[in-house]
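**Q** What follows is a structure written as structure tokens; I'll ask about it next.
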Number of protein chains: 4
Amino acid sequence: MPSLRAHVFRVPADGPDDVAGVEALFASGLQANNIVAVLGKTEGNGCVNDFTRGYATRSFETLFSRYGVDGVSIIMSGGTEGALSPHWTVFARETVETPGERALAIGVSRTPALSPEHLGRREQILLVAEGVKSAMRDAGIDDPADAHFVQIKCPLLTSRRIAEAEAAGRTVATHDTLKSMGLSRGASALGVAVALGEIDATSINDADICTRFDLFSRCASTSSGVELTDHEIIVLGMSAKWSGPLSIDHAVMRDAIDAHSVRKARERLPENSRLAAVLAKAEPDPSGEIDGRRHTMLDDSDIAGTRHARAFVGGVLAGIFGITDLYVSGGAEHQGPPGGGPVAIIVEKEQ
Amino acid sequence: MPSLRAHVFRVPADGPDDVAGVEALFASGLQANNIVAVLGKTEGNGCVNDFTRGYATRSFETLFSRYGVDGVSIIMSGGTEGALSPHWTVFARETVETPGERALAIGVSRTPALSPEHLGRREQILLVAEGVKSAMRDAGIDDPADAHFVQIKCPLLTSRRIAEAEAAGRTVATHDTLKSMGLSRGASALGVAVALGEIDATSINDADICTRFDLFSRCASTSSGVELTDHEIIVLGMSAKWSGPLSIDHAVMRDAIDAHSVRKARERLPENSRLAAVLAKAEPDPSGEIDGRRHTMLDDSDIAGTRHARAFVGGVLAGIFGITDLYVSGGAEHQGPPGGGPVAIIVEKEQ
Amino acid sequence: MPSLRAHVFRVPADGPDDVAGVEALFASGLQANNIVAVLGKTEGNGCVNDFTRGYATRSFETLFSRYGVDGVSIIMSGGTEGALSPHWTVFARETVETPGERALAIGVSRTPALSPEHLGRREQILLVAEGVKSAMRDAGIDDPADAHFVQIKCPLLTSRRIAEAEAAGRTVATHDTLKSMGLSRGASALGVAVALGEIDATSINDADICTRFDLFSRCASTSSGVELTDHEIIVLGMSAKWSGPLSIDHAVMRDAIDAHSVRKARERLPENSRLAAVLAKAEPDPSGEIDGRRHTMLDDSDIAGTRHARAFVGGVLAGIFGITDLYVSGGAEHQGPPGGGPVAIIVEKEQ
Amino acid sequence: MPSLRAHVFRVPADGPDDVAGVEALFASGLQANNIVAVLGKTEGNGCVNDFTRGYATRSFETLFSRYGVDGVSIIMSGGTEGALSPHWTVFARETVETPGERALAIGVSRTPALSPEHLGRREQILLVAEGVKSAMRDAGIDDPADAHFVQIKCPLLTSRRIAEAEAAGRTVATHDTLKSMGLSRGASALGVAVALGEIDATSINDADICTRFDLFSRCASTSSGVELTDHEIIVLGMSAKWSGPLSIDHAVMRDAIDAHSVRKARERLPENSRLAAVLAKAEPDPSGEIDGRRHTMLDDSDIAGTRHARAFVGGVLAGIFGITDLYVSGGAEHQGPPGGGPVAIIVEKEQ
């Protein structure tokens, strides 16, 4: 009985438009139409005026279009502070004639379009929860405990979308388009928590989104973009319907210096294995302190707090794993506990 | 026969002018005139226009003046990027009626003022080498192998100092004020290497400074600041003329992700001991790569490379030691191998 | 019948702690205890973590203390972007045996401390309004039309102050420390408008602060700093109780490129006069546009919008007046129309 | 006898990839293949890691390719600090059946690729000088006095290009990538000076580049970018072989506050004319002072000096011309006197 098999490639990038390394994979045998997702770290500031994300997305669209491939989920996270190295992580899957044996599983889904008036509100949480369940089915993951990382690209409000909603007599959660990005990330993360049974949907109100940070998912990673009105969802986990040498597990960092939890997660994975990818979220602790000691990330008006957090948590993780092409993404509303965040680890057993 | 005894205190700082925590030590029994040095991490940018160093220095001068104490070496290193926490490390020493037993030793010295035209040149190397020898004598350290950390605060060039030197018909090593900080740090570090016999003084030329990075000291830590024109030198090491529960050892990080060397150094120190202080240097790898992967620290025109490096190496060390009030100082020219740097660890045996 | 006489001195500063130029004025005959206020431009970022303001304030306090002078209003505005030059503007006043003849008048006052939970709310507006009236009385200005510039230094929220307020069971207007600076400036400016009868206090709600920018004062200039918790207020205007060669008038720039209004204000002042000081406010137009053309100041996550605005409006004014030691202060919420701001011009008639 | 006719369009840009405004010109009648050059201001940092230039260039290449147009000189200058507005200035030319009457003339050329080891050295000067002469011939400008603005886009050194050159056994002029931008701009400007007979080529050495600022061109404007390895050259001037309502003249600002020279240049142009474009260079005065007053642009380690200078000179020019979509480009090494720079003004006579 055949199974599915996942492939993960970490490819260095010389700049936001350097997709040559991915094209080289095609020459090495990767079927372009087996690619389901690209997660990129680009060298912009990761904030509002970071055009490296759009530039990289445009470059991949052009590449995939040349190969006749459509529907790849392209998720770009800006910011390679500290020694983080710009790179692409390519996820592919194929059917193989090997029996399933419990291995890394990848599932994707797309939700219906989100009405502007539902963004940053309960409706978004519920819509995303359905989408996550759909992606889990696509991945063949039945048990929520087998889901280790849920990456979501979610929409935001633009002036035009707000105007249209209001012209139709509806209210929106915010008139601040920048703030809508945080609300959308937060609601999406709570949607993951609902889908995985971490939180009871009936207990969450609109007002909890981006305020009650004691509510969070242990494995959500969300990012918002202007180019979509629905949600692109990627679930990474373990499934018996898949085969191959890849495995995934995850830690939840309690705070930015919680190396212990990360080492423990690594120890749960096969010992004789090489690292395939590390995917993490980071944020400045909103309390202004870590373990009773003040940090200055939130009072620094020269460098955005998310940039500080990526650099520092990048260092913590690089010290543990010994690599710098780590996917460390900023802005972790409801993604892990306040000041902490999820860290997914994918390894490949040596054969 | 009496011996000397060192004391080390890590004190949180609420701002560059918050010396209340140090004053509180006096109430707890620390004799103010036993203090020989204060190493501070302040929350400025650590570059040319970082006035938090001068502000903190002024605040300590005022404090010490109120207590009738003079001649304390005050070394402020700007930059608490990432989750690094602003703090002061206070070094004190006293004579005790206990025999010497090989323990942490502290010595200090101060050089004559450096003329702007000598900054970043051989003259600075030789001036510093004499100062380091003087501080070693002050510490009772005879064997260079017993010196584990040599901290130097050195001057820099400002537009004004350059103009004055040139008005007097002299040339300066650079017109770039930020670059002058690196040249000063580099020349000072080479001065340490000469004093410790790591490098032969006769073999170094002006042109080697900040270019021949194969020349370095394994335990120099130099930091430049606008607020002085001479050098303040502190030597930390082990000496049989000292007693007490404190010990020091050091690692030389090979690159920014070399956590292994740091863990090994910690293991060489007594196991049943608590961490008293960690003192480290960090810099962007001048090759533009770490272990074959590109970093973007040197191509970033928004954030100085030293700031990236402090945040990242701060993360590596915080992941190892579990604290954020680490002294991580940027700009490690000739201080450890290129892209790496020295890390001194001071522990106190439990009693 | 005697009158009061104002003196205004523009003094270059080599750094936040360089008060030598002011001390030199004492040697030239200025009575230290005639000084009522110092307005400084220091070279920090003018945002939350700008310690150059506190450092300069400390330096002046030390200087004045040495001369036995107390109660001088010291207002430091950070940020000398572009070619703006760090400097101090010293305001002094004395009684002379000359009849009043309508000349520059200076009055000062200080409010009680503001609780963190009142910052950016109605309570701050009312507190400031009382303070402005007190300063006008001090200046001998009866008619609000004779007030041309009201400078206020107001507090801000830090992570710590927020935590303390919330620990005491109180809410704060914002958790964003940079945003708290704007709210404080805005509420203070509305306090000026209330005091000058430009706005009716009963018509303003908490929600109007930093949102209803159609409400503004034509001559408020407010600046927030981490180093105080109350408000320091200086009123500049014309009064018949004063004498001497100094006169003041002001323009309200309609937007950041409104050079015309500034030139007109200069023309209203005596022709045969030299420039004594220019005091202005600048801000990024909140509409995101100036005269129909997009600006990028509010979407830039690398440089704070206030820094952009000071540099640019500094250029506009330097092109008109031909000097760079202009007091251009950022963040003009409710200080002049949105995107514009007040510009006070003080000249001294040639004699 | 026919003549050439120039057209100049200023088009707002919503982002680095927004070329819709230029495409709209095609619908309005502009022949796409009449376009010879696009000068853009994009909203990046204008320094080493500014990818908005490459992104914009890519977007225009895609647009022009769709219209079958090739060989347009696309010059992107990053940095819209202050209130400067992102925009494109489109230069087109066509042959008309009107006799020549002395009007704006446009010529372009492109040099061979520059080897990294020649960047910032004599070889670059000579290469550029040939290119400028070629562009003048293309414009029909015989007399160097008729050349009013020579815009050049030149390459820079990245960490990677430096490594490749050194791997091939060659030396480079600098290891500092930001500094390489200045050296390239400086050498290119000296190339203009040589071509226009302002400087004798035989008198310039490598060491003069970016040090002997008494050597400069009165109308060079050079801009370096990571996206090319050769030089794109555009010459703007007056020629009797051209016709139409457009005229150009230029000022040389003596320093950053020299509004007078700019107003004089505007007065030399026809009075009844509307502004078509303003093209200027700006830089921090290398002396650290303007008219005897210190500026802080060169000592600021948070914001690059070129960013300060663009914001400030942008303000000076916006105050004069009343528009914000000005082409103000940073880094004016050897482009006008130290601290000053050329300002070209193009107007269209009303008809």
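The values are calculated or read from the model by the stated rules, or taken from the named source; none is laboratory data. From a predicted model like this one, the values you see are computed outputs, not experimental measurements. All Cβ positions, even for glycine, are placed from backbone atoms using ideal geometry, and neighbour counts span all protein chains on display. Note: accessible area is taken over every heavy atom of the protein model, side chains too, but ligands, DNA and RNA are not part of it. Shrake-Rupley method; radii C 1.70, N 1.55, O 1.52, S 1.80 Å.
**Q** Would you kindly give the portion of the calculated P(r) for region B:245-349 that falls above 16 Å, as a percent of all Cα pairs? Mind showing how you got there, number by number?
**A** Working: 2966 of 5460 pairs.
The answer is 54 percent, as a whole percent.
**Q** Would you kindly derive the ³J(HN,Hα) couplings of region A:325-332 from the backbone phi angles with the Karplus curve 6.51 cos²θ - 1.76 cosθ + 1.60 (θ = phi - 60°), listing them in order in whole Hz, with x for Gly and Pro?
**A** Using θ = phi - 60°, the values come out as 8, 9, 8, 10, 10, x, x, 10 Hz.
**Q** Could you work out the per residue convex hull volume over the alpha carbons of chain D, in cubic angstrom? All intermediate terms of the calculation are to be shown ahead of the outcome.
**A** Numbers: hull volume 44.9 nm³, N = 351.
Enclosed volume per residue, from the Cα hull, is 128 Å³.
**Q** In Å², what does the accessible area per residue of the protein assembly as shown work out to with a 1.4 Å probe?
**A** Details: 46710 Å² over 1404 residues.
The answer is 33 Å² per residue.
**Q** Closest beta-carbon to the C-to-D rotation axis: which chain C residue owns it, and what is the separation in whole Å?
**A** Nearest residue, distance rounded to whole Å: C:Gly315, 1.
**Q** When the dipole is taken about the Cα centre of region B:1-99, and only Lys, Arg (+1) and Asp, Glu (-1) are charged at their Cβ, what size is it in debye, to the nearest 20?
**A** Around 200 debye, computed over region B:1-99.
**Q** Could you tell me which of the pairs A:Lys133/A:Lys153; C:Lys153/C:Lys241; B:Lys41/B:Lys241 are separated by over 19 angstrom between their Cα atoms in the structure shown?
**A** The pairs that break the limit, which is 19 Å between Cα atoms, are C:Lys153/C:Lys241; B:Lys41/B:Lys241.
**Q** Only bridges whose two residues both fall in chain B count here: according to DSSP, what percent of them are antiparallel, nearest 5?
**A** The antiparallel proportion sits near 70 percent.
**Q** Which distances in nm, rounded to one decimal and ordered from shortest, link the label point of A:Gly21 to the equivalent label points in the other identical copies, with labels set 7 Å from Cα toward Cβ?
**A** 3.6, 4.0, 5.2
**Q** Relative contact order for region D:1-122: what is it in percent, counting Cα pairs under 8 Å that are at least 6 residues apart?
**A** Relative contact order, region D:1-122: 43 percent.
**Q** Continuing with the same structure: Whole Å is fine, so just give me how far the alpha carbon centre of region D:295-329 lies from that of region A:121-171.
**A** Centre-to-centre distance over Cα atoms comes out at 43 Å.
**Q** Here's something else I'd like to know. Quick check for me: using +1 on Lys/Arg Cβ and -1 on Asp/Glu Cβ, what's the dipole size of the protein assembly as shown about its Cα centre, in debye to the nearest 20? Mind showing how you got there, number by number?
**A** Details: 136 positive and 184 negative charges, 5 e Å.
Dipole of the protein assembly as shown, to the nearest 20 debye: 20 debye.
**Q** What number, rounded to the nearest 500 deg cm²/dmol, is the helix-based mean residue ellipticity at 222 nm of chain C, given -39500 (n - 2.57) per DSSP H run of at least four residues and division by all its residues?
**A** Value at 222 nm, helices only: -9000 deg cm²/dmol.
**Q** Looking at region B:301-318, which residues lose a minimum of 20 Å² of accessible area between their chain alone and all protein chains in place, measuring with a 1.4 Å probe and not counting ligands or nucleic acids?
**A** For region B:301-318, once contacts with the other chains are taken into account, B:Ser301, B:Asp302, B:Ile303, B:Arg307, B:His308, B:Ala311, B:Phe312, B:Gly315, B:Val316, B:Ala318 lose 20 Å² or more.
**Q** Next question. Considering only protein heavy atoms and a probe of 1.4 Å, how much of the accessible area of chain A is carbon and sulfur, as a whole percent? Present the calculation step by step, with values, prior to reporting the outcome.
**A** Working: 5910 of 12210 Å².
Carbon-and-sulfur percentage of accessible area, whole number: 48.
**Q** Springs between alpha-carbon pairs under 10 angstrom, Gaussian network model over chain B: which of B:Glu267, B:Glu81, B:Glu23 fluctuates most?
**A** B:Glu267
**Q** Compute the label-point distances linking C:Asp176 to its equivalents in the other copies; points lie 7 Å from Cα along Cα→Cβ; give nm, one decimal, shortest first.
**A** Ordered by increasing distance: 0.4, 3.6, 3.6 nm.
**Q** Considering protein heavy atoms only and a 1.4 Å probe radius, which residues within region C:46-72 exhibit an accessible-area decrease of no less than 40 Å² in the full assembly relative to the chain by itself?
**A** C:Asn49, C:Phe51, C:Tyr55, C:Arg58
**Q** Which percent, nearest 5, of DSSP beta bridges in region D:245-349 are antiparallel?
**A** 80 percent
**Q** Let me ask you something else. Any chance you could get the radius of gyration and Dmax over the Cα atoms of region A:1-55, in Å?
**A** Expressed in Å, the Cα Rg and Dmax of region A:1-55 come to 14.2, 50.
**Q** If a/c stays under 1.5 just call it rounded; otherwise compare a/b with b/c (prolate if a/b is bigger, oblate if not). Do that for region A:44-100, with a ≥ b ≥ c from the square roots of the Cα gyration tensor eigenvalues.
**A** Verdict is oblate for region A:44-100.
**Q** Checking buried surface per residue: for region D:255-274, which residues lose a minimum of 50 Å² accessible area in the protein assembly relative to the chain alone (1.4 Å probe)?
**A** Residues shielded by partner chains are D:Ile257.
**Q** For C:Arg263, place a label point 7 Å out from Cα along the Cα→Cβ vector, do the same in each other copy, and report the separations in nm, one decimal, smallest first.
**A** 0.6, 7.1, 7.1
**Q** If the viscosity is 0.890 mPa s and the temperature 25 °C, what Stokes-Einstein diffusion coefficient in µm²/s follows for region D:157-283 when Rh is the Kirkwood radius over Cα pairs?
**A** 141 µm²/s
**Q** Just to be sure I understand: of the beta bridges DSSP finds with both ends in the protein assembly as shown, what percent are antiparallel, rounded to 5?
**A** Bridges in the protein assembly as shown that DSSP calls antiparallel: roughly 70 percent.
**Q** With solvent modelled as a 1.4 Å probe, how much accessible area in total do chains A and B shield from it at their shared surface, in Å² to the nearest 100?
**A** 2900 Å²
**Q** Which value, in Å² and to the nearest 10, is the accessible area of C:Ile303 when all protein chains are kept and the probe is 1.4 Å?
**A** 10 Å²
**Q** Here's another thing I want to ask about it. Just to check I understand the Karplus step: with θ = phi - 60° and J = 6.51 cos²θ - 1.76 cosθ + 1.60, what whole-Hz values come out for region A:204-210, glycine and proline as x?
**A** Result, ordered by residue: 9, 10, 3, 5, 6, 5, 6 Hz.
**Q** Quick one: net charge of B:Leu183's neighbours, Cβ under 11 Å, K/R +1, D/E -1?
**A** Summing Lys/Arg as +1 and Asp/Glu as -1 gives 0.
**Q** Quick check for me: using +1 on Lys/Arg Cβ and -1 on Asp/Glu Cβ, what's the dipole size of chain D about its Cα centre, in debye to the nearest 20?
**A** So the dipole magnitude of chain D works out to roughly 320 debye.
**Q** According to the square roots a ≥ b ≥ c of the eigenvalues of the Cα gyration tensor, what is the shape class of region A:232-274, taking rounded for a/c under 1.5, prolate for a/b larger than b/c otherwise, and oblate for the remainder?
**A** oblate
**Q** Based on alpha-carbon centroids, what's the gap between region A:1-80 and region B:173-231 in Å, whole number please?
**A** Here the two parts' Cα centres lie 43 Å apart.
**Q** Between D:Arg274 and C:Lys264, what is the FRET efficiency for a Förster distance of 25 Å, r being their Cβ-Cβ separation, to the nearest 0.05?
**A** Working: r = 24 Å, r/R0 = 0.94.
Once the sixth-power term is evaluated, E becomes 0.60.
**Q** Binning every alpha carbon pair distance of the protein assembly as shown at 10 Å from zero, what are the percents per bin?
**A** All Cα pairs, binned at 10 Å, distribute as 2, 8, 16, 20, 21, 18, 10, 4, 1, 0, 0 percent.
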